[in-house]
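Student: So that we are looking at the same thing, I have put the structure below in structure tokens.
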Amino acid sequence: MQNDRNQPEDEVKMPILSTRRLTLSPCRPEDRDDFIALEQDPEVMRFLNGGRPVGRAESDPDADFLMPRGDEPHVWTARHTADGGFVGWFCLWPDDEASAELGYRLRRAEWGKGLASEGASALIRWGFESALYDRITATTMAVNLASRRVMEKIGLRHARTVHADYADPIAGAELGEVWYEARRSEWRGE
């Protein structure tokens, strides 16, 4: 998830999205502490920077992944509908008028419960039906099998694997980064 994307001039208003177990609301500055706590968990950061916790005051201007602080457009905070507990965040970041990139990061305690698929499905539905994107993509390291399973479960298909030379590669980088995508013309809402 790049954080240097240009925002389209005619932004679509971000609604509150509800699923069976989640409420996804446009992020707010009050979510900052929860977002930063995610970045302090080495397992959450494993496939982003090799597991190096990112401190509260630290902001890496060279990071090629999104580190929301609560005032970003296109980022939804995910909370349990039942009790308001923080689950993580999701984003649907526009690449241009016709396409957007899906991203998500969840607390480790929420892994393995189907919540990533549930929240990501809600964003894909909104992206195709309301924002009218023609294509939605998502990327992860090839070795991140859990994230790849989420992408496949929500209907994205493997499009390509990209190999890059990194100045400071993390474990697994040699296997590349996988790109998944779905097109509105082929998407079947669930």
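Student: Which stretch or stretches of the range 124-143 have amide N atoms under 14 Å from the point lying 7 Å from Glu174's Cα along the Cα→Cβ direction?
Tutor: Residues 143 qualify, since their backbone N sits under 14 Å from the label point.
Student: So, in nm, how far is label Ala109 from label Ser185 when the simple model puts each one 7 Å beyond its Cα toward the Cβ?
Tutor: 4.6
Student: Within the accessible area of the chain, what % is carbon and sulfur when the probe is 1.4 Å and the other protein chains stay in place?
Tutor: Numbers: 4760 of 10090 Å².
With neighbouring chains kept in place, the figure for the chain is 47 percent.
Student: Same structure, new question: In terms of solvent-accessible area of protein heavy atoms at a 1.4 angstrom probe, what is the ranking of Arg21, Arg52, highest value first?
Tutor: Of Arg21, Arg52, the descending order of accessible area is Arg52, Arg21.
Student: Further question: About its Cα centre, what dipole magnitude does the range 84-179 give when the only charges are +1 on Lys and Arg Cβ and -1 on Asp and Glu Cβ, stated in debye to the nearest 20? The partial results should precede the final answer.
Tutor: Details: 11 positive and 13 negative charges, 115 e Å.
Dipole about the Cα centre, nearest 20: 560 debye.
Student: Where Rh is the Kirkwood radius over the Cα pairs of the chain, the temperature 20 °C and the viscosity 1.002 mPa s, what D in µm²/s does Stokes-Einstein return?
Tutor: Values: Rh = 16.8 Å.
Answer, rounded: 127 µm²/s.
Student: On to the next question. Work out how much length Asp83 to Arg28 would gain on full extension: take 0.36 nm times their residue separation and subtract the Cα-Cα distance, in nm to one decimal. Intermediate values should be presented prior to the final figure.
Tutor: Details: separation 55, 0.36 × 55 = 19.80 nm, distance 1.83 nm.
Extra length available between Asp83 and Arg28 comes to 18.0 nm.
Student: Running a GNM on the chain with Cα contacts under 10 Å, which residue among Ala78, Ala142, Ala159 ends up with the highest mean-square fluctuation?
Tutor: Ala159
Student: Accessible area, 1.4 Å probe, largest first: how do Tyr104, Tyr166 sort?
Tutor: Working: Tyr104 45, Tyr166 100 Å².
Largest accessible area first, the residues go Tyr166, Tyr104.
Student: Accessible area per residue for the chain in Å², computed with a 1.4 Å probe and the full protein assembly in place, what is it?
Tutor: Numbers: 10090 Å² over 190 residues.
For the chain, the solvent-accessible area averages 53 Å² per residue.
Student: Considering amide H positions built from the backbone, and no H for Pro or chain starts, which residues 5 or more places from Asp95, or on another chain, come under 5 Å of its amide H?
Tutor: Ala100, Glu101
Student: Here is a further query. How much length would be gained if the chain were fully extended between Ser130 and Arg20, taking 0.36 nm per residue of separation minus their Cα-Cα distance, in nm to one decimal? Could the numbers behind the result be given before it?
Tutor: On the way: separation 110, 0.36 × 110 = 39.60 nm, distance 1.96 nm.
Using 0.36 nm per residue and subtracting the Cα-Cα distance, I get 37.6 nm.
Student: Tell me the relative contact order for the chain as a rounded percent, counting alpha carbon contacts under 8 Å between residues six or more apart.
Tutor: That works out to 19 percent.
Student: How large is the dipole of the chain about the Cα centre if only Lys and Arg carry +1 and Asp and Glu carry -1, each at its Cβ, rounded to the nearest 20 debye?
Tutor: Working: 25 positive and 34 negative charges, 203 e Å.
Around 980 debye, computed over the chain.
Student: Got a number for the accessible area of Glu110? Probe 1.4 Å, square angstrom, nearest 10.
Tutor: Roll a 1.4 Å probe over it and Glu110 shows about 10 Å².
The values are calculated or read from the model by the stated rules, or taken from the named source; none is laboratory data. These numbers come from a predicted model, not from an experiment. Cβ sites come from the backbone with ideal geometry, for glycine too, and all protein chains shown count toward neighbours. Quick note on the areas: whole protein, heavy atoms, side chains included, nothing else; ligands and nucleic acids left out. Shrake-Rupley method; radii C 1.70, N 1.55, O 1.52, S 1.80 Å.
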